[in-house]
Every structure is written in C-alpha cells, then in structure tokens.
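Scroll down for the structure; my scribbles are underneath it.
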Amino acid sequence: MAIQKILVVDDSPTERYFLTDVLVKNGFSVSTAENGEEALTKIKADKPQLILMDVVMPGQNGFQITRAIAKDPDTQDVPVIICTSKNQETDRIWGLRQGARDYLVKPIDPVELLAKISALG
C-alpha cells in the first residue's frame, strides 16, 4: 500500500512548512505536530502511514517518541524516518535502535526524502 498520510513532527515552524510543502506538492496528505506529546495524541486520533520525526524538541525528544511508537502495539507498524540536524553516526545508530526505519540529516534533500518514502511504500 502506497503511503499517503504523513505526520511531520518538528518544533521548528520553518522545517514543518518546508517538509509539508515538499510532501503536499508530491501528492501526500500531511498533518503536523510541534512536539512529541502532540505527535502521540495525533497518532492515536488519526493514525498516519509514516512519521517524519525531529530529534531535538522541547519535552520528550524524538528518540523517546520513536521508541514509544515502536513499543506500542497500535502504532508499531507505522514507519518513522528521523529528520534531524544531529549528524553523528552514533546518533543515527541510536535512532535506528529506537525503532526508526531511516535517518535523514538536515537540511533535508527533497529528492532523497521522496526516495526514502517511496522505498517504504
């Protein structure tokens, strides 16, 4: 099943706008959350088919939220792609260990992002 509904989780309005713009122009339905707590609420209310997760956010960070999603039987089938400015290999490995399917470093390349989404779909 091709991915249509994507949740973008990022505390930066600029990043949310940029990612939403890229995704909507490519035919995706996008919702956004400003932090991990809001993301978990939205996931429960209207389950997305993919989550793009920032790491550095107020409250719980993206690694913690990704782990919560991966451990919850209701949401563990939803793939998470971490989109972060944290570009260390240890961060990437940690993110994937928390349950993320992929890891992109900001600034996000739209072509690379769309290729990763396509590979999951």
By the scheme Lys and Arg +1, Asp and Glu -1, what is the net charge of all other residues having a beta-carbon under 11 Å from that of Lys116?
-2
What does the charge count around Ile69 come to, taking other residues whose C-beta lies under 12 Å from its C-beta (Lys +1, Arg +1, Asp -1, Glu -1)?
+3
Using only the Cα atoms, work out Rg/Rh for the chain, with Rh taken as the Kirkwood radius, to two decimals.
0.91
Count of lysine pairs in the chain with Cα separation under 19 Å (8 or more residues apart, or interchain):
12
Return, ordered by residue number, the residues of region 95-119 whose backbone nitrogen is under 13 Å from a label point located 7 Å along Cα→Cβ of Asp21.
108, 110
Ranked by GNM mean-square fluctuation in the chain (Cα springs under 10 Å), the top entry among Val111, Val55, Val80 is Val111
Largest first and to the nearest Å, give the Cα extent of region 53-121 along each principal axis.
31, 27, 20
Average Cα contact separation per residue, region 5-120, under 8 Å, 6 or more apart, as relative contact order %
22
With charges set only on the Cβ (+1 for Lys and Arg, -1 for Asp and Glu), what does the dipole of the chain come to about its Cα centre, in debye to the nearest 20?
260
How many angstrom separate the Cα center of region 97-115 from the Cα center of region 7-40?
14
Spin-label model distance (nm) - Ser12 vs Ser31, 7 Å beyond Cα toward Cβ
2.4
How much net charge surrounds Phe18 when only other residues with a Cβ under 13 Å from its Cβ are counted (Lys, Arg +1; Asp, Glu -1)?
-2
Ordered by fewest other Cβ atoms within 10 Å, a rough proxy for footprinting exposure, Lys116, Lys5 read Lys5, Lys116
Cut-off 19 Å, label point 7 angstrom out along Cα-to-Cβ of Gln60: give me the residues of region 73-104 whose amide nitrogen falls inside.
73-84, 94-102
Interchain or sequence-distant (5+) residues whose placed amide H lies within less than 5 Å of the amide H of Ala33 are Val8, Val9, Asp10
Packing rank of 37-46, 96-105, where each peptide gets the mean count of other beta carbons within 10 Å, highest leading
96-105, 37-46
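We did not get these values from a lab; they are worked out from the coordinates using the rules stated. Computed from a predicted structure; not experimentally measured. Glycine gets a Cβ as well: all are built from the backbone with ideal geometry, and neighbour counts include every protein chain shown.
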